[in-house]
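First the structure, in the form of structure tokens, and then the observations on it.
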């Protein structure tokens, strides 16, 4: 069973539909106790970092997520969810969950012809292997919609980069924590394969 975290940040239905298509049982909840007890957690989100962080704090979900992550629950952050896993975001100048040291910055392409938000399909430039990408063609493209990006302090946590005028962190991971700036639930078969891999992942980033 995969628990999808409901913290009023949207994008829940598309994640559930993707899991339904894969016939993977899932539960959408904003109940902190159920989140702490989850077998696996997907932490999605679209929208504003400041309002999302405030909702997480006042609902008690933030502490439940921290406790679940600490005990080794396999954890997948998506888009805003990935950004909220960092220490701090420039979007609203707000403290975040702090799963990864580093900030969230406005995407500022060197080529001024490129538009913000970055929206559309892009490939990944892998910096290391991860079991969640097992069986996925390295040339696969994934769907992005974002104006900000995570900038981790420890670059060893970066799994893949993508490019929109500048290289930015597209996938990050450490131990049982994994997150993508792109939306796997909107990324066709490659995204579905990523979610399928997550559904059986035990949280070991070094698994073959």
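The values are calculated or read from the model by the stated rules, or taken from the named source; none is laboratory data. Predicted model, so just to flag it, every value in this text is computed and none were measured. In this analysis, Cβ positions are derived from the backbone assuming ideal geometry, glycine residues included, and neighbour counts consider all displayed protein chains.
Things to note:
- Scope segment 37-60; condition farther than 12 Å from residue 4 by Cα and surrounded by 19 or more Cβ atoms within 10 Å (Cβ to Cβ); matching residues: 49, 52, 53, 56
- Top-ranked residue of segment 80-95 - restricted to ones that are in contact with a strand residue (DSSP E or B) (Cβ under 6 Å, 6 or more places away or on another chain) and assigned to a loop (DSSP other than H, G, I, E, B), ranked as surrounded by the most Cβ atoms within 10 Å (Cβ to Cβ): 85
- Residue in segment 79-95 that is under 17 Å from residue 197 (Cα atoms), touching a helix residue (DSSP H, G or I) at 6+ places or on another chain (Cβ under 9 Å) and at pLDDT 95 or above present: no
- Any hit, segment 141-148, residues being outside any strand (DSSP E or B), more than 17 Å from residue 45 (Cα to Cα), at pLDDT 95 or above and in contact with a helix residue (DSSP H, G or I) (Cβ under 9 Å, 6 or more places away or on another chain): no
- Within segment 2-29, the residues that satisfy the criterion of being surrounded by fewer than 18 Cβ atoms within 10 Å (Cβ to Cβ) and at positive phi are 8, 10, 23.
- Only one of 23, 39 that is free of Cβ contacts under 8 Å to residues at least 24 places away in the same chain and farther than 25 Å from residue 87 by Cβ: 23
- Between 66, 70, the distinction of being closer than 23 Å to residue 175 by Cβ and free of Cβ contacts under 8 Å to residues at least 12 places away in the same chain belongs to 70 only.
- With respect to the conditions (1) modelled with pLDDT of 95 or more; (2) assigned to a loop (DSSP other than H, G, I, E, B); (3) touching a strand residue (DSSP E or B) at 6+ places or on another chain (Cβ under 9 Å); (4) under 20 Å from residue 186 (Cα atoms), residue 116 falls short on a single one, namely (1).
- Subset of segment 171-190 (residues that are part of a helix (DSSP H, G or I) and either within 18 Å of residue 205 (Cα to Cα) or touching a helix residue (DSSP H, G or I) at 6+ places or on another chain (Cβ under 9 Å) (or both)): 184, 185, 186, 190
- Count of segment 1-35 residues which are part of a helix (DSSP H, G or I), under 18 Å from the mean Cα position of the chain (by Cα) and farther than 25 Å from residue 189 by Cβ: 1
- Taken over segment 48-64, the criterion of being assigned to a loop (DSSP other than H, G, I, E, B) and under 20 Å from residue 108 (Cα atoms) is satisfied by 48 alone.
- Qualifying residue in segment 151-169 (condition: within 14 Å of residue 79 (Cβ to Cβ) and assigned to a helix (DSSP H, G or I)): no
- Any hit, segment 65-75, residues being in a helix (DSSP H, G or I) and under 30 Å from residue 166 (Cβ atoms): yes
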